[in-house]
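Reviewing the structure listed below.
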Amino acid sequence: MNDEHVIVVDLGFGDAGKGTIVDWLCRDGERSAVVRFNGGAQAAHNVVTDDGRHHTFAQFGAGTFVRGVPTHLAHTVLVDPFALAGEAAHLESIGVGDVFDRLTIDERALITTPWHRAANHARELARGGNRHGSCGMGIGETARYALAHPDDAPTVGDCRHPKTLRRKLDAMRERLGTSDWAPDDDVPAHDVVDLPDVDDVLEVLGLFTDTVHIVDGGHIGGLLDRGPVVFEGAQGVLLDEWAGFHPYTTWSTTTTANALAILAEHGQRATRLGVVRTYTTRHGAGPIPTEDDSLTALLPEHHNGTGPWQGRFRVGHFDAVAHRYALAATGGVDALAVTHVDVVNTGDASVRQGICGEYRTDGGVPWAPVPPDGHDLDRQARLTETLTSITPVIHDAPETAEGWLDEASKLLNVPIAVASYGPTAAAKRRICG
Amino acid sequence: MGSGAWSTNVYSAAKEYRTRTGKSAFAYSDTMSGTNRADWRVHDSLDPTQANIRESRDSDEHPTSQAISVIFDVTGSMGSIPRTLQTKLPGLFGLLLRKGYLAHPQIMFGGIGDATCDRVPLQVGQFESDNRMDDDLGNIFLEGGGGGQRTESYELAMYFMARHTSMDCLEKRGRRGYLFLLGDEMAYGHVKASEVRDIIGDDVTEDIPLTDIVAELRTKFEVYFIVPGNAYHGRDAAITKFWRSLFGQNVIVLDDLAAVCETIALTIGLNEEAIDLAEGLEHLTDVGFDSTDVVGKALAPLASSRSIAVTPDSLDAGGALDVPGKAQRL
């Protein structure tokens, strides 16, 4: 793994610890860049340094604490210039002062605006109690609007052309709250409030353009030639737009597919690293078959609070069935990174962490979900239904961390490359590879 | 309002971006960071091996030059310093000149990294009386992106300043130069001979203990060390203690690094006996700085230590002492 590109993806519902693994990969001094290839500003990749500094990486790569490691946002990322400024300010306040010097953005990337966010909020409010676990950042609406109006969706490159940008922003503002926003809308037009002026938005986008390095599609080729790159995935494979459990998914391809496509375009390969926690988590609504509220108290979560749109942070036992589904959906990985190994059975003895190796139906028949063959959301919705009716078969996890790692590796049939015993890079142990 | 980690507010985003408009001034750093780490090197104008002696000289235009060096850690939390200096430089000059602290300041900038692991551990400009010092700032390579090591090669910079400077203020008028070191780490215990040979090019064969180089340095410079007080790592006490053991009361704990220019100007004003602290803070307001609180807090210990150094007999009874909150003037 030393001299190769690495793709890091989460084999769960997100929050497995991709950030801390990316940071660790960059610490050896051999990674020349971090490339983000999916999602957008809703990513929340927490990294804690050995000297106790903490940052939640959203758009800057999680290798940014390491001197000189740049971030590239590929054309498949949805860029939020508004959230980017605040994130940079926080990084500067904790001692990383050159983040914009180390950031490049592909000009083809779509941008997320306050109007996308307003549409997102309106839609979640209209859903009432049936929220989909959206982060409220407007990511889904950015993708939805671009599909409905491909020529009118503003891109990072448009920010360099104020006239084009104004035309696109005006058109978007006109459509907001009307059925013309997205023709096949499943949610009625909804009043949206508290919107900024187009002029104010244009000003920020102008300043953004002056601050960041906007590059063309050829830039990534140069990065790949310069040295081993880390492709930092966002969210989790189980939230994938097509393979996730509809409708509790994200409008993003969360598998290794985007990264592999970029690599293939430049004739390069990568090691695929799948990240799992020693237990299952889900931030927001949607199925989590092994959910167990007694674990929530046992496993406190430092960096994931209850979000106003996203909902609360939920915890369940390690779910080998769900992870096997994720592995099949992403086409496999070469090795695993396992995080939170330090909490394996260290807490209250009355609450045991378990491992789920099998689901059973009502009739007691073993059953496992199979990824879709193509794009079929109706099928995925039925799969979601089934998941709420099955019973996970949970057995006690091995006593020791070593025993636990051994069993997890066997259940998923993937070797473990690194085990994480804490939030910092120093708490990572290389197992193989 | 989203539930993402960072605010998406349009107005605060505009403000954040606007504070960065000086960014592109660091073109050299921007260019370098786009190349291989192996190719990173110091800009010619800041190379310690070039023009090996830094001179501060009198001229017809500047007959009583006064050397001022500002050398900062370019790593970690100190990475914002060059930008702050660049934006506030005119204000610093304004204070020194217009308020009469110094008639002919000549300023030199430098950068410090870690000689054990950085590609560019020492950068030193020239003493300049005009805006050419802006160019030096712009050529500084900001290698640092974080890290968290406890030590940087401050001693190497001290060695350079002790042995590679020649100043008319000292040689003609017996007045030492000012040296402001800015950092949030400790120095190594010795100036290593091998690093001096590699990085500066002097034929030195033995390591020099830190305390020896500090003593040598102080014969040429009035040295101040500015350490950030709002340090993130919770070990500021140890760092401050370390520097106090070397520079005593001349260690200034500054809560907001954005106020570094004003702090330097007022420290010089105090040392030149041109002002007391209260007057200096008024000057800040005059010149348009809104940092009187943070600068006042940072310099209060220094100002009061200066006042107690004066014997009671020399004080003008009923003078400055009876003004509440006003620091004592020498």
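The values are calculated or read from the model by the stated rules, or taken from the named source; none is laboratory data. Note that the structure is a prediction, hence the values are computed from the model and not measured. Here the Cβ positions follow ideal geometry from the backbone for every residue, glycine too, while neighbour counts run over all protein chains shown. The accessibility values were calculated without ligands, DNA or RNA, using every heavy atom of the protein model including side chains. Shrake-Rupley method; radii C 1.70, N 1.55, O 1.52, S 1.80 Å.
Annotations for the structure displayed:
- In range of the label at A:H54: residues from region A:394-430 whose backbone nitrogen is under 20 Å from the point 7 Å along Cα→Cβ: A:420-428
- Listed residue (A:V48, A:L110, A:A126) projecting farthest to the positive dipole end of region A:35-128, Cβ model: A:A126
- Its relative contact order, with pairs defined as Cα atoms under 8 Å and 6+ residues apart, puts region B:143-281 at 22 percent.
- Nonpolar atom fraction for region A:350-427, defined as the carbon and sulfur part of the 1.4 Å probe accessible area, stands at 52 percent.
- Take the Cα of B:Y11, step 7 Å toward its Cβ, do the same at A:L125, and the gap between the two points is 2.0 nm.
- When the accessible areas of A alone and B alone are added and the area of the pair subtracted, with a 1.4 Å probe, the result is around 3700 Å², both sides summed.
- Most simply put, the protein assembly as shown has about 30% antiparallel DSSP beta bridges, counting only bridges with both residues inside it.
- With R₀ fixed at 60 Å, the C-beta to C-beta distance from B:E206 to B:E273 puts the FRET efficiency at about 0.90.
- In order through region A:373-378: 3J(HN,Hα) via Karplus (6.51 cos²θ - 1.76 cosθ + 1.60), integer Hz, x for Gly, Pro: 9, x, 9, 9, 6, 4
- Mean projected area (nm²) of the alpha-carbon convex hull when region A:1-130 is viewed from all directions: 9.3 nm²
- Proximity of backbone amide H atoms, modeled 1.01 Å from N, is registered between A:I7 and A:F231, A:T271, A:R272, A:L273 at under 5 Å, excluding neighbours fewer than 5 places apart on the same chain.
- The Cα-based radius of gyration and maximum Cα-Cα distance (Dmax) for region A:360-433 are 17.5, 48 Å.
- In this structure, the pairs whose alpha-carbon distance is over 28 Å, taken from B:K99/B:K172; A:K428/B:K192; A:K18/B:K241, are A:K428/B:K192; A:K18/B:K241.
- Fluctuation leader among A:T249, A:T164, A:T278 - chain A, Gaussian network, Cα springs under 10 angstrom: A:T164
- Computed magnitude of the charge dipole of region A:315-411 (debye, nearest 20; Cβ of K, R +1, Cβ of D, E -1): 220 debye
- FRET efficiency, B:E216 to A:E301 (Cβ-Cβ, R0 45 Å, nearest 0.05): 0.25
- Residues of region A:379-415 with amide N under 14 Å of the 7 Å Cα→Cβ point at A:R429: A:399-407
- Table column - 3J(HN,Hα) (Hz), region A:319-331, Karplus curve with 6.51, -1.76, 1.60, x for Gly and Pro: 10, 5, 5, 5, 5, 5, 4, 4, 4, 5, 5, 8, x
- Kirkwood radius for the protein assembly as shown, taken over all pairs of different Cα atoms as the inverse mean of 1/r, rounds to 28.4 Å.
- Extended-chain gain in nm, criterion 0.36 nm per residue less alpha-carbon gap, B:D255 and B:E55: 68.7 nm
- Summarising the amide proton neighbourhood of B:M186: residues at separation of 5 or more, or on other chains, whose placed amide H is nearer than 5 Å comprise B:T151, B:E152.
- The simple spin-label model puts a point 7 Å past each Cα toward its Cβ; for B:K297 and B:A38 those points are separated by 4.8 nm.
- Modelled FRET efficiency - R0 30 Å, A:H375 with A:H213, Cβ distances, 0.05 increments: 0.30
- Chain A: most fluctuating residue of A:A153, A:A320, A:A257 per GNM, C-alpha cutoff 10 Å: A:A257
- Between A:K410 and A:E30, the contour length at 0.36 nm per residue exceeds the Cα-Cα span by 133.8 nm.
- Ignoring aspartates and glutamates fewer than eight residues from A:K163 along the same chain, the ones with Cα atoms less than 14 angstrom from its Cα are A:D152, A:D199, A:E203.
- Equivalent ellipsoid, region A:232-296 (semi-axes from 5 times Cα gyration tensor eigenvalues, Å): 28, 15, 7
- The orientation-averaged projection of the convex hull spanning the C-alpha atoms of chain A amounts to 20.1 square nanometres.
- In this simple spin-label model, placing a label point 7 Å from the Cα along the Cα-to-Cβ direction at both A:D293 and B:S304 gives a separation of 5.6 nm.
- Cα-based equivalent ellipsoid, region A:192-287: semi-axes from gyration tensor eigenvalues, Å: 29, 27, 12
- Look at where the Cα atoms of region A:196-235 and of region B:164-184 average out, and the two centres are 44 Å apart.
- The distance linking region B:259-308 with region A:37-59 is 39 Å (Cα centroid to Cα centroid, whole angstrom).
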